[in-house]
1. Given the conditions (1) within 16 Å of ligand 2 (Cβ to nearest atom); (2) of a type in the set (Val, Ile, Thr); (3) assigned to a strand (DSSP E or B); (4) at pLDDT 95 or above, and given that VAL52 satisfies all but one, which numbered condition is not satisfied?
2. Is it the case that TYR168 is hydroxyl-bearing (Ser, Thr, Tyr), buried (at least 17 other Cβ atoms within 10 Å of the Cβ) and under 18 Å from GLU17 (Cβ atoms)?
3. Give the residues of the range 55-97 that are surrounded by 15 or more Cβ atoms within 10 Å (Cβ to Cβ), within 13 Å of ligand 2 (Cβ to nearest atom) and modelled with pLDDT of 95 or more, sorted by residue number.
4. For the range 123-145, name all the residues that are of a type outside the set (Val, Ile, Thr), within 13 Å of the chain's Cα centre (by Cα) and either more than 8 Å from ligand 1 (Cβ to nearest atom) or not in a strand (DSSP E or B) (or both).
5. Regarding VAL33, is this residue touching an Asp or Glu at 6+ places or on another chain (Cβ under 6 Å) and among the β-branched types (Val, Ile, Thr)?
6. Can you work out which of the residues in the range 100-115 that are in contact with a Ser or Thr (Cβ under 7 Å, 6 or more places away or on another chain) and either among the hydroxyl-bearing types (Ser, Thr, Tyr) or more than 8 Å from ligand 1 (Cβ to nearest atom) (or both) is nearest to ALA57 (Cα to Cα)?
7. Checking SER113 against (1) more than 13 Å from ligand 2 (Cβ to nearest atom); (2) assigned to a strand (DSSP E or B); (3) surrounded by 14 or more Cβ atoms within 10 Å (Cβ to Cβ); (4) not hydrophobic (A, V, I, L, M, F, W, C), which test does it fail?
Amino acid sequence: MRAAEIADQLTEVLVTEEEIRAKLEELARRVEVDYEGKDLLLVGVLKGAVMVMADFARALKRDMEMDWMAVSSYGAGTKSSGVVQIRKDLDTDISGKHVLIVEDIIDSGLTLSWLLDNFASRGAASIEVLALLRKPEAAKVEIDCRYVGFDIPVEFVVGYGLDFAERYRNLRDVAVLAPHVYS
Ligand code: XMP
Ligand code: MG
């Protein structure tokens, strides 16, 4: 697909590549201070968080471990159902570790709420969340997210790891997907 065809499917750029880069640097400075003297395990939630993880981990000027989990929350089309299934579990034992979950987006909060309960039962020393994007007005459960990149309106967004039917993940900005694409 060429650039002009992609542009026809997006209505608006919400967050630019430059804004993302600056925000991840800012969050990295906070995480460096907050986790000083502690081992840090970043857990990325596949696949949406791949870009955030790659850029955030490299923004960090400190050592860390990295692991990944893949979950799917079943539901119709563009909505999360809260029924979560593990598709790929962690490779590491997180008991006693300081875990920072790295997410692309918090929408209803149902996926993360489930993930936080799941991680708590594995005995991590601490669990915090970093999410690039959050839709506050879509929240069905409140998530205590310590590191938030950008609050955005309730619209379906793609780019920078976020997909619609596995497409658009490689767009460099975060943009609103035109409703005609999915409705
Ligand atoms: P919940 O509602 O459980 O959603 O907080 C979490 C997961 O749903 C996906 N999601 C989106 N994916 N554009 C996307 O490409 C969006 O606007 C969007 N909203 C939610 C995403 O995988 C997230 O982790
Ligand atoms: Mg996701």
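1. For VAL52, the failing item is (3).
2. Values: hydroxyl-bearing (Ser, Thr, Tyr): yes; buried (at least 17 other Cβ atoms within 10 Å of the Cβ): yes; under 18 Å from GLU17 (Cβ atoms): yes.
Yes; evaluated as a whole, the condition is true for this residue.
3. Of everything in the range 55-97, those that are surrounded by 15 or more Cβ atoms within 10 Å (Cβ to Cβ), within 13 Å of ligand 2 (Cβ to nearest atom) and modelled with pLDDT of 95 or more turn out to be TRP68, MET69.
4. Within the range 123-145, the first condition is being of a type outside the set (Val, Ile, Thr), and the residues that meet it are 123-126, 128, 130-140, 142, 144-145.
Subsequent filtering for residues that are within 13 Å of the chain's Cα centre (by Cα) retains 128, 130-135, 145.
Residues satisfying the conditions are GLU128, LEU130, ALA131, LEU132, ARG134, LYS135, CYS145.
5. Values: touching an Asp or Glu at 6+ places or on another chain (Cβ under 6 Å): no; among the β-branched types (Val, Ile, Thr): yes.
Spelling it out, it is not the case that VAL33 is touching an Asp or Glu at 6+ places or on another chain (Cβ under 6 Å) and among the β-branched types (Val, Ile, Thr).
6. We begin by selecting, within the range 100-115, every residue in contact with a Ser or Thr (Cβ under 7 Å, 6 or more places away or on another chain); these are 107-108, 110-111.
Subset that is either among the hydroxyl-bearing types (Ser, Thr, Tyr) or more than 8 Å from ligand 1 (Cβ to nearest atom) (or both): 108, 111.
Values: SER108: 26, THR111: 22 Å.
Looking at the filtered set, the residue picked out is THR111.
7. (2)
The values are calculated or read from the model by the stated rules, or taken from the named source; none is laboratory data. All figures in this text were calculated on a predicted structure; none of them were measured in a lab. A quick note on method: Cβ atoms are made from the backbone with ideal geometry, for glycine too, and the neighbour counts reach across all protein chains shown.
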